[in-house]
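These notes are about the structure you will find just below.
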């Protein structure tokens, strides 16, 4: 009963997040400069006549007051209709679906790489010699401070243009996924490692760790079987937030490496003022955020029973 109530409240809050995301994006797209009707027709270079522009505005309801357009959009959204792309002339769900697989592959690879590497690195460096911790903290600070496009360019220079190990662009084959996934994962690894190592160093000073060592357990067993589980909650929390925000990084990475994906579609839709696609991708990102954080909230009860009891 308590868990069901918790899930219901989370879902209710998720509906509010989706509504807020749709509203803010609708307002932002519609108050920016440029004529949506001209964008639909191909831009000012298409040289449409005023009669054609007026007909397009009437066809898409752009001649109606903004509040009425907003109300009609929410009504369609309640029916699960995201509308049709102005430029692609296909349903928004289809436009997103065509690009979704590439972005999901990139996000999953980056997340798995980041979580695995951060756990390994934190376990390796926690409570070690002072110079080891200083080196790891300094390198993590440098990497976490670097913008994604800088990391991507450095990887391109080394592994594509210098060593010719991985392709510089494209979405075909596993080799084309390596550098984009690394570009997204490296800042995540730096942040997660810092948090996890700090938690591990605090936990390794606790009395139950001393007791475990007194029972004859080796250092690796103490870290893996006792300390790691207690340090996982902050890692899971940050992993959830970072995973949900991967779409922002995908926009840069997919453009830098010329990959297909939702991020690149978002850039093109924003440039062309394709409002339905922009709104659809924003709602998808908000939905991912809600679902991931619901999963994280449920994982708390699995990792630490004290959360469930509380």
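The values are calculated or read from the model by the stated rules, or taken from the named source; none is laboratory data. The structure presented is a predicted model; accordingly, all values stated were derived computationally and were not measured. Cβ: placed from backbone, ideal geometry, glycine included. Neighbour counts: every protein chain shown.
A few notes on this one:
- In the stretch 61-87, residue nearest to the chain's Cα centre (by Cα) [restricted to those that are in contact (Cβ under 8 Å) with a residue 12 or more places away in the chain and assigned to a loop (DSSP other than H, G, I, E, B)]: 82
- Residues within the stretch 88-99 that are crowded, with 16+ Cβ neighbours inside 10 Å and either out of contact with any helix residue (DSSP H, G or I) (no Cβ under 8 Å at 6 or more places or on another chain) or in a helix (DSSP H, G or I) (or both), tallied: 6
- Within the stretch 163-173, the set of residues being free of Cβ contacts under 8 Å to residues at least 12 places away in the same chain and at negative phi comprises 163, 165, 167, 172.
- Pairs linking a residue in the stretch 251-274 that is over 16 Å from residue 176 (Cα atoms) to a residue that is in a loop (DSSP other than H, G, I, E, B), with Cβ atoms under 6 Å and 6 or more positions apart or on different chains, are 272/87; 273/34; 274/85; 274/86; 274/87.
- Of all residues in the stretch 127-163, those satisfying the criterion of being surrounded by 13 or more Cβ atoms within 10 Å (Cβ to Cβ), more than 23 Å from the chain's Cα centre (by Cα) and part of a helix (DSSP H, G or I) are 132, 133, 135, 136, 137, 139, 158, 159, 160.
- Boolean, residue 56 is crowded, with 18+ Cβ neighbours inside 10 Å, more than 29 Å from residue 201 (Cβ to Cβ) and modelled with pLDDT under 80: yes
- When 36, 32 are checked against the criterion of being within 26 Å of residue 19 (Cβ to Cβ), modelled with pLDDT under 80 and surrounded by 12 or more Cβ atoms within 10 Å (Cβ to Cβ), a single residue qualifies: 36.
- Neighbours by Cβ (under 7 Å, 6+ apart or cross-chain): first from the stretch 174-202, under 12 Å from residue 136 (Cα atoms); second not in a helix (DSSP H, G or I): 197/126
- Residue ID - farthest from the chain's Cα centre (by Cα), chosen from residues in the stretch 164-183 that are exposed (fewer than 13 other Cβ atoms within 10 Å of the Cβ) and not in a helix (DSSP H, G or I): 164
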